[in-house]
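Data first, discussion second: the structure below is written as structure tokens.
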């Protein structure tokens with residue numbers, strides 16, 4: 001409407017300047033309509049597209065959330081593709097129970113769900129060269145136990161940045177400071193126990209456990225965090241260490 005003086009009868013398009021960017025924008029026009037009628041038609045189209053966007057965006061966000069959750073399940077299954085002991089089998093049972101509870105699969109045996117227990121799961125446990133312990137969740141159930149039950153104020157919490165993977169704790173003694181080597185080792189472990197384990201370098205965030213939260217209504221294992229710092233983990237270095 002600000003450029004009505006540029007319109008001429010019979011125009012099928014007009015090039016105008018964008019108010020925000022200053023860049024030229026070409027608008028298609030109906031040559032059988034005058035300038036005001038074309039402007040009204042464009043405004044009606046804008047309103048329709050805006051309503052469509054408002055309706056579609058929540059659906060898109062829900063799909064992306066569900067996709068991220070299923071990728072998290074996949075990352076946990078990859079860790080136990082071949083189980084070698086009872087702890088691995090327990091981890092697979094927990095994943096099955098979770099998928100049943102979330103409605104992704106039926107339990108053909110109609111077994112009752114696992115009762116809640118205060119006993120901590122048997123996490124993966126490793127040590128840095130300095131002897132500092134690293135704990136790793138095997139699935140979403142263990143990830144939540146690791147983050148919200150096992151972690152204390154002295155630990156550091158690690159997770160691959162925007163990549164599905166395990167929750168990882170660097171266990172620190174009261175008053176102890178984590179060395180750069182300990183941080184690097186833990187980042188490598190977090191990178192290996194993630195969906196990006198075949199990469200050369202993976203961004204890994206770490207923060208204090210008190211800065212990790214579970215959003216209301218979020219699926220198992222899904223958390224948000226703040227006050228994080230970023231390291232580059234090397235999953236292949238962790239692989240070489242774990243295969244020793």
State all residues of region 165-175 that are assigned to a loop (DSSP other than H, G, I, E, B) and crowded, with 23+ Cβ neighbours inside 10 Å; if no residue qualifies, say none.
166, 167
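Quick check, is residue 240 in contact with a strand residue (DSSP E or B) (Cβ under 8 Å, 6 or more places away or on another chain) and part of a helix (DSSP H, G or I)? Break it down into steps so the answer makes sense when it comes.
On the way: in contact with a strand residue (DSSP E or B) (Cβ under 8 Å, 6 or more places away or on another chain): no; part of a helix (DSSP H, G or I): yes.
It is false that residue 240 is in contact with a strand residue (DSSP E or B) (Cβ under 8 Å, 6 or more places away or on another chain) and part of a helix (DSSP H, G or I).
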Scan region 54-69 and tell me whether some residue there is within 30 Å of residue 163 (Cβ to Cβ), in contact (Cβ under 8 Å) with a residue 24 or more places away in the chain, in contact with a helix residue (DSSP H, G or I) (Cβ under 9 Å, 6 or more places away or on another chain) and not in a loop (DSSP other than H, G, I, E, B).
yes
Of (1) farther than 22 Å from residue 220 by Cα; (2) buried (at least 18 other Cβ atoms within 10 Å of the Cβ); (3) modelled with pLDDT of 95 or more, residue 133 fails just (2)
Residue hits (region 115-148; over 17 Å from residue 90 (Cβ atoms) and within 24 Å of the chain's Cα centre (by Cα)) are 134, 147, 148
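Condition first: assigned to a loop (DSSP other than H, G, I, E, B) and either crowded, with 21+ Cβ neighbours inside 10 Å or at pLDDT 95 or above (or both). Now tell me which residues in region 180-195 satisfy that. Reasoning before the result, please.
So in region 180-195, the residues assigned to a loop (DSSP other than H, G, I, E, B) come out as 193, 195.
The answer is 193, and nothing else.
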Can you name the residue in region 223-238 that is in contact with a helix residue (DSSP H, G or I) (Cβ under 6 Å, 6 or more places away or on another chain) and surrounded by 16 or more Cβ atoms within 10 Å (Cβ to Cβ) and, of all such residues, is farthest from residue 128 (Cα to Cα)?
225
So, residue 164, is that one touching a strand residue (DSSP E or B) at 6+ places or on another chain (Cβ under 9 Å) and in contact (Cβ under 8 Å) with a residue 24 or more places away in the chain or not?
yes
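The values are calculated or read from the model by the stated rules, or taken from the named source; none is laboratory data. Quick caveat: nothing in here was measured; it's all calculated off a predicted structure. All Cβ positions, glycine included, derive from the backbone under ideal geometry; neighbour counts span all protein chains shown.
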